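Undergrad: The structure is given below, and queries will be raised subsequently.
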Amino acid sequence: MSTSGPPEAVREPWEPLPAGSDLPAIPGPREELAGGPAPAEDLPPTAVLPGPPADAPPGRPPHRWGLGAYLLVEAVFLLTSLLLVLPYVGPDNGSPPPAMLLLSLTVPTLLAAGVALLATWLRGNGPRIDLGLRFERADLTRGLAFGCGGLVLTIPAAAVWSRVVGPEANSAVAELFAGQRFPVPLAIGVFLVVWLVAPICEEIVYRGLLWGAVQRHVASRWWTFGLTTLCFALAHFEFTRTPLLLIIAVPIGLARLFTGRLGASIIAHQLNNLLPAVALLLVLLGVPM
């Protein structure tokens, strides 16, 4: 009669070992096939677990808009501007009335920025994430710093450029309102648009929408800064002023580059537009310059 006990049950590789066993655990087939990472406690102290990029919003997919959205915004701006001034083109049609001039300055800019915002809502994560359209307390001081630094460059550059080029150095807005006299409310409206509204809209379009579109194709943020700065200068269609517009755009773009938000670049842009807006206000009120 055999004294040996009952045969031991065959243990499959994926079954756990009995409690108290000293044998090493055999990895199961699912773990081997998946090749999953080792538990955190088994990793060396210097190991870095994989994860999303530091600047990627958690749980947010990348936006689905690109250069096509920017081209659509530019088309909306140009078409709206053309439709507003077309009835007054020609020697027999006369000059647009002050109210229409104010509309031609305001409506295309607002519509362009509105289309840019709509693109981020329909095909992205909204302007706060996709465009960096948010303000923090530090944006005011940084925007003022970049704006003041820009004025140190642009004021003497504008003076030199006006001497070199002559009357053609005037901006398109200055030429549009040349010789006009506005009622006080409309003149103040033009001042506020040039000083406050236009910089917000232009930053949404260029340092927001165009910036994000270029980033999809260019790895370096400095290339993004350079290309958007050049596009900003060229998109004004004031080719005699393009070198001056490049100088103006550099500190504004640097504010966007170093903060990653539009808040600082908007403040810098508004500070840059303040002196031209004051000069235009005085012209529209008939104050001798």
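Undergrad: Could you list, in sequence order, the residues of the range 127-145 that are part of a helix (DSSP H, G or I) and surrounded by fewer than 14 Cβ atoms within 10 Å (Cβ to Cβ)?
TA: Within the range 127-145, the first condition is being part of a helix (DSSP H, G or I), and the residues that meet it are 127-130, 137-145.
If the condition is that a residue be part of a helix (DSSP H, G or I) and surrounded by fewer than 14 Cβ atoms within 10 Å (Cβ to Cβ), then Arg128, Arg137, Ala138, Leu140, Thr141 are the ones that fit.
Undergrad: In the range 233-268, what residues are closer than 25 Å to Ala138 by Cα and of a type in the set (Phe, Trp, Tyr)? Working first, answer last.
TA: Start the filter on the range 233-268 by keeping residues that are closer than 25 Å to Ala138 by Cα, which leaves 247-268.
Scanning the range 233-268 gives a single hit, Phe258.
Undergrad: Of all residues in the range 202-258, which are without any contact (Cβ under 8 Å) to a residue 60 or more places away in the chain and small (Gly, Ala, Ser)?
TA: Ala219, Ser220, Gly226, Ala233, Ala249, Gly253
Undergrad: Sticking with this structure for a sec: Looking only at the range 111-166, how many residues end up being under 21 Å from Leu209 (Cα atoms) and among the β-branched types (Val, Ile, Thr)?
TA: Number of matching residues: 3.
Undergrad: Now for a separate question. For the condition crowded, with 21+ Cβ neighbours inside 10 Å, assigned to a helix (DSSP H, G or I) and acidic (Asp, Glu), what is the one hit in Glu175, Glu202?
TA: Details: Glu175 fails: crowded, with 21+ Cβ neighbours inside 10 Å.
Selected residue: Glu202, the only one of Glu175, Glu202 that is crowded, with 21+ Cβ neighbours inside 10 Å, assigned to a helix (DSSP H, G or I) and acidic (Asp, Glu).
Undergrad: Do the conditions hold for Leu192, that is, is it in a helix (DSSP H, G or I) and out of contact with any Ser or Thr (no Cβ under 6 Å at 6 or more places or on another chain)?
TA: In short, yes.
Undergrad: Any residue in the range 95-110 that is touching a helix residue (DSSP H, G or I) at 6+ places or on another chain (Cβ under 9 Å), free of Cβ contacts under 8 Å to residues at least 12 places away in the same chain and part of a helix (DSSP H, G or I)?
TA: No: zero hits.
Undergrad: Could you say which residue among Gly94, Gly124, Gly114 is among the small types (Gly, Ala, Ser) and either touching a strand residue (DSSP E or B) at 6+ places or on another chain (Cβ under 6 Å) or modelled with pLDDT of 95 or more (or both)?
TA: Working: Gly94 fails: either touching a strand residue (DSSP E or B) at 6+ places or on another chain (Cβ under 6 Å) or modelled with pLDDT of 95 or more (or both); Gly124 fails: either touching a strand residue (DSSP E or B) at 6+ places or on another chain (Cβ under 6 Å) or modelled with pLDDT of 95 or more (or both).
Checking each option against the conditions leaves just Gly114.
Undergrad: Within the set of pairs 6+ apart or on separate chains, which have a first residue in the range 263-277 that is touching a residue at least 12 places away in the same chain (Cβ under 8 Å) and farther than 14 Å from Gly253 by Cβ, a second that is among the hydroxyl-bearing types (Ser, Thr, Tyr) and surrounded by fewer than 21 Cβ atoms within 10 Å (Cβ to Cβ), and C-beta atoms under 9 Å apart?
TA: So the pair list comes out as Pro276/Ser171.
Undergrad: Then there is this: For the range 207-225, indicate whether the set of residues that are touching a Cys at 6+ places or on another chain (Cβ under 9 Å) and assigned to a helix (DSSP H, G or I) is non-empty. Please lay out each step first, then the result.
TA: Within the range 207-225, the subset touching a Cys at 6+ places or on another chain (Cβ under 9 Å) is 210, 214.
Then keep just the ones that are assigned to a helix (DSSP H, G or I); that gives 210, 214.
Yes.
Undergrad: For the range 226-241: of the residues being in a helix (DSSP H, G or I) and modelled with pLDDT under 90, which is surrounded by the most Cβ atoms within 10 Å (Cβ to Cβ)? Show your work before the answer.
TA: Going residue by residue through the range 226-241, those that are in a helix (DSSP H, G or I) are 226-234, 239-241.
Retained after the next criterion (residues that are modelled with pLDDT under 90): 239-241.
Working: Phe239: 11, Thr240: 14, Arg241: 21.
Among residues in the range 226-241 that are in a helix (DSSP H, G or I) and modelled with pLDDT under 90, the one surrounded by the most Cβ atoms within 10 Å (Cβ to Cβ) is Arg241.
The values are calculated or read from the model by the stated rules, or taken from the named source; none is laboratory data. Keep in mind it's a predicted model, so treat the numbers as computed, not measured. Please note: Cβ atoms are built from the backbone with ideal geometry, for glycine as well, and neighbour counts cover all protein chains shown.
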